[in-house]
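One structure is given here, and the rest of the page talks about it.
The values are calculated or read from the model by the stated rules, or taken from the named source; none is laboratory data. Computed from a predicted model, the values in this text were never measured in an experiment. Because the Cβ atoms are built from the backbone with ideal geometry, glycine has one as well, and the counts that use them run over all protein chains shown. Accessible surface areas use protein heavy atoms only, side chains included; no ligands, DNA or RNA. Shrake-Rupley method; radii C 1.70, N 1.55, O 1.52, S 1.80 Å.
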Amino acid sequence: MAAGSHSISGKAKVAGVMGWPVGHSKSPALHGFWLKEYGIDGAYVPMAVAPENLGKSLKSLFLLGFKGCNLTVPHKEAALQIVDEITPVAKAIGAINTVFVLPDGRLQGTNTDAFGFFENLRQSVPGFNVTRAPAVVLGAGGAARAVCAALIEAGAPEVRLLNRTRARAQTLETAFGPKIKATPWSDLPAALKDAGLLVNSTSLGMSGQPPLDVSIDTLPTAALVTDLVYTPLETPLLHAAKKRGNKTVDGLGMLLYQAQKGFEGWFGVKPEVTSALRSHLLSL
Ligand code: NAP
């Protein structure tokens, strides 16, 4: 229903996504759906920006009258050195995925992945209380940093972080403080025993990647299981968790909720995440 183009005027508000390559990005379809849904005089465009041109491209946003942009691979970390202002959450995560052009032309960089991650859990499982039990997070890459920031902000008592390369988990422990416990991968069964949340933030289980080959036999069935991987939507981890009675939340919602804040800042409307939007993105 919301697929396809909608007409815009010469006064249209413009935003977009910079990436290299950018063709894989779902953001134009996502924001395009909302623009059409809310009848907004606006456009959201893909911008293929080579790494060496990121600085010039970001600085041009104001000159071109853009409201801002999203950043995707490989620009999220490099942008930290370019924007004029960095929000605390972007600083903590060490990456920027959303840029707002302020009225005076300065660029504010923020990161909406932590919000997207937790909002997805909050909306999908309204009764979920992260403060009651330790969380177990697999992975220590960029996505795991956003998950750690979100869980600490939400009041998780402890976050057990397990990663193939333990040194990377230890780096996050140093960065985020004592609530993060870098835990050896081999200790997963013990780490799961009293956990209230299990998060896969590795790329394992994604189509084209090796499977996430772990046993969750020791995880309480009351624990919530979520996977940041959303291709396939039901990953083998989510399938196994559902089968033994755990509640599960897929990763597509994180992508949708992280986009809300950028859209609201650029176009002035807080958009809703609906099943129609999910279906639209899944149909692409
Ligand atoms: P990343 O920075 O490249 O990190 C990849 C992580 O996966 C690292 O922890 C890495 O461990 C681990 N890993 C990769 N191959 C592995 C293997 N063969 N065995 C064990 N561990 C392995 O990537 P990222 O940006 O954090 O993204 C991770 C996943 O989250 C991706 O699938 C991405 O699509 C997804 N994601 C989803 C959303 C969403 O909105 N749903 C948002 C962001 C990311 P090492 O440190 O040992 O290499």
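Sorting L282, L107 on solvent-accessible area from highest to lowest, probe radius 1.4 Å, gives L282, L107.
For Y230, the solvent-accessible surface computed with a 1.4 Å probe is close to 60 Å², ligands and nucleic acids excluded.
Of the two radii for the chain, the radius of gyration is 0.98 times the Kirkwood radius, both from the alpha carbons; that is the Rg over Rh value. Counting Lys and Arg as +1 and Asp and Glu as -1 over every other residue whose Cβ lies under 10 Å from the Cβ of G139, the net charge comes to +3. Here the chain has 54 percent of its accessible surface on carbon and sulfur atoms, given a 1.4 Å probe and all protein chains in place.
In a simple Cβ point-charge model (Lys, Arg +1; Asp, Glu -1; nothing else charged), the range 1-112 has a dipole of about 100 debye relative to its Cα centre.
So how strong a dipole does the range 46-105 carry about its Cα centre when Lys and Arg Cβ are +1 and Asp and Glu Cβ are -1, to the nearest 20 debye?
Rounded to the nearest 20 debye, it is 100 debye.
For the residues L238, L138, L63, a GNM of the chain with alpha-carbon springs under 10 Å puts the largest fluctuation on L63.
Backbone phi angles across the range 219-226, fed through the Karplus curve with coefficients 6.51, -1.76 and 1.60 (θ = phi - 60°), yield HN-Hα couplings of 6, x, 6, 7, 6, 8, 10, 9 Hz in residue order; Gly and Pro are listed as x. Within the full protein context, the accessible area of R166 is estimated at about 100 Å² for a probe radius of 1.4 Å. To make sure I understand the rule: partners must be aspartates and glutamates, Cα under 16 Å from the Cα of K91, and not fewer than 8 residues away in the same chain. Which ones qualify? Output for K91: E77, D113, E153, E173. Take the Cα of A50, go 7 Å toward its beta carbon, and the backbone nitrogen atoms of the range 60-85 under 17 Å from that spot belong to 74-75. Counted by Cβ distance under 15 Å from K36, the other residues give a net charge of -2, where Lys and Arg count +1 and Asp and Glu count -1. Charge dipole of the chain (Cα centre as origin; +1 on each Lys and Arg Cβ, -1 on each Asp and Glu Cβ, all else neutral): 60 debye, rounded to the nearest 20. When the chain is treated as a GNM with alpha-carbon contacts under 10 Å, the residue of N129, N163, N70 showing the greatest mean-square fluctuation is N129. So which of K36/K59; K242/K270; K26/K270; K76/K247 end up more than 23 Å apart, counting from Cα to Cα? Check vs 23 Å cut-off fails for K36/K59; K242/K270; K76/K247.
Proximity of backbone amide H atoms, modeled 1.01 Å from N, is registered between L198 and V136, L224, V225, T226 at under 5 Å, excluding neighbours fewer than 5 places apart on the same chain. Per-residue Karplus couplings for the range 181-191, computed as 6.51 cos²θ - 1.76 cosθ + 1.60 with θ equal to phi - 60°, are listed in order as 10, 5, 10, x, 3, 5, 8, 4, x, 5, 5 Hz, Gly and Pro entered as x. Quarter the surface of the alpha carbon convex hull of the range 74-227 and you get the mean projected area, 10.1 square nanometres.
For the pair H239 and K193, a Förster radius of 25 Å applied to the C-beta separation gives a FRET efficiency near 0.70, rounded to the nearest 0.05.
Give me the percent relative contact order of the chain, please, defined on Cα pairs under 8 angstrom at least 6 residues apart. Write down the numbers at each step before the final one.
On the way: 562 pairs, mean separation 43.9, N = 284.
It rounds to 15 percent for the chain.
Between L80 and R278, the FRET efficiency from the beta-carbon distance, with R0 = 41 Å, is close to 0.85.
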